[in-house]
Amino acid sequence: MRIIKVKDYDEMSKKAAEIIIERVRRAPDMVLGLATGGTPIGTYQELVSDHVHAETSYRNVTTFNLDEYIGLSGESSHSYRAFMNKHLFELIDILEENIHIPNGVSEDIQKECIEYEELIQKHGGIDLQILGIGQNGHIGFNEPGTSFESTTHIVELDPSTREANARFFKNSEDVPEKAITIGIATIMRSKEILLLISGEQKRAAFKQLVNGEVDEKFPASVLKKHQNVSIIADDAARGD
Ligand code: F6R
């Protein structure tokens, strides 16, 4: 794991965007794995600004998001689909048919998981996967205890994850209890992984990731077994 040290959230966002833009320019038909949450918002702002000013194009890029809440349709303002539309997709020239996010209101969620996984593999896998990390070490919505062999599956969200995500909802009870997430094995098949960590509240997770053992109890620890992972961590997350 390569650690890229940055000062703060803004610098993390700029650095992450710089790496993504370089990869998109080098391979304009690449497959990009995307995350939601507070962490990548600044990165997406940088991508949009670059798209407007430097005209990096996403016309031939295919995207797969990590996860989606079960029970929320793309029209719901709290869905990850709506989040992505607002922060990125509506602001760049990506084609609708190249955007993929699990369907949280599919009639057959199990089938949705299988088909989503197959679709990723059909596209040759993910070239660059962007990740955030939960305070409990989750990546995607793979909570502690998830098998390292897991592919796209249904998850019961950890109470701490629901609490952390309540800030995006009006009432904490509105946070869905379940989600669809790509699995740890799916993430590990990505050719390159970029993990973003910012803020004091992620310091313990950063420490555990860097110093801890590889263990299913801390899902992000699996990244130590990947050949091409960069972690962009700011001063607050690193604790120095
Ligand atoms: C989001 C995702 C999650 C988040 C993590 C951190 O698609 O899969 O793993 O990356 O919960 O969230 P934030 O960035 O809000 O701290």
| request: Just name the residue that is most open to solvent (accessible area, probe 1.4 Å) out of those in the range 1-13 that are under 17 Å from the mean Cα position of the chain (by Cα) and either of a type in the set (A, V, I, L, M) or farther than 25 Å from M188 by Cα (or both). | output: Y9
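From the list T161, T181, exactly one residue is among the β-branched types (V, I, T), within 27 Å of T62 (Cβ to Cβ) and either crowded, with 19+ Cβ neighbours inside 10 Å or near the ligand (Cβ under 9 Å from one of its atoms) (or both). Which is it?
Only one candidate qualifies: T181.
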| said: What's the total number of residues in the range 21-36 that are in a helix (DSSP H, G or I) and either among the charged types (D, E, K, R) or out of contact with any Ser or Thr (no Cβ under 7 Å at 6 or more places or on another chain) (or both)? | reply: 4
| Does the range 170-181 include one or more residues that are of a type outside the set (D, E, K, R), assigned to a helix (DSSP H, G or I) and in contact with a His (Cβ under 9 Å, 6 or more places away or on another chain)? | no
| field | Scan of the range 142-157 for residues that are of a type in the set (D, E) and without any contact (Cβ under 8 Å) to a residue 24 or more places away in the chain, ordered by number | value | E156
| Members of the range 102-147 found to be among the hydroxyl-bearing types (S, T, Y), away from the ligand (no atom under 15 Å from the Cβ) and surrounded by 15 or more Cβ atoms within 10 Å (Cβ to Cβ), listed by number | S106
| task | Go through the range 62-101 and give me each residue that's of a type in the set (A, V, I, L, M), in a helix (DSSP H, G or I) and either more than 15 Å from the ligand (Cβ to nearest atom) or touching a Cys at 6+ places or on another chain (Cβ under 7 Å) (or both). | result | L91
| query | Do the conditions hold for I92, that is, is it more than 17 Å from K178 (Cβ to Cβ) and crowded, with 16+ Cβ neighbours inside 10 Å? | reply | yes
| Some residue of the range 75-87 being small (G, A, S), within 22 Å of N103 (Cα to Cα) and touching a helix residue (DSSP H, G or I) at 6+ places or on another chain (Cβ under 8 Å) | yes
| When you go through A204, A237, A220 one by one, which is the residue that is over 23 Å from F64 (Cβ atoms), within 16 Å of the ligand (Cβ to nearest atom), assigned to a helix (DSSP H, G or I) and in contact with a helix residue (DSSP H, G or I) (Cβ under 7 Å, 6 or more places away or on another chain)? | A237
| field | Filter result for E68 (under 17 Å from the mean Cα position of the chain (by Cα) and charged (D, E, K, R)) | value | yes
| Candidate set: the range 102-120, residues that are outside any loop (DSSP other than H, G, I, E, B) and without any contact (Cβ under 8 Å) to a residue 12 or more places away in the chain; chosen: the one farthest from L47 (Cα to Cα) | K111
| Out of A54, A27, A16, sole residue that is within 16 Å of the ligand (Cβ to nearest atom) and at pLDDT 95 or above | A16
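The values are calculated or read from the model by the stated rules, or taken from the named source; none is laboratory data. All figures in this text were calculated on a predicted structure; none of them were measured in a lab. Here Cβ is always computed from backbone atoms with ideal geometry, including for glycine, and neighbour counts include all displayed protein chains. Each accessible area value is taken on the protein alone, full model and side chains, heavy atoms only, with ligands, DNA and RNA left out. Shrake-Rupley method; radii C 1.70, N 1.55, O 1.52, S 1.80 Å.
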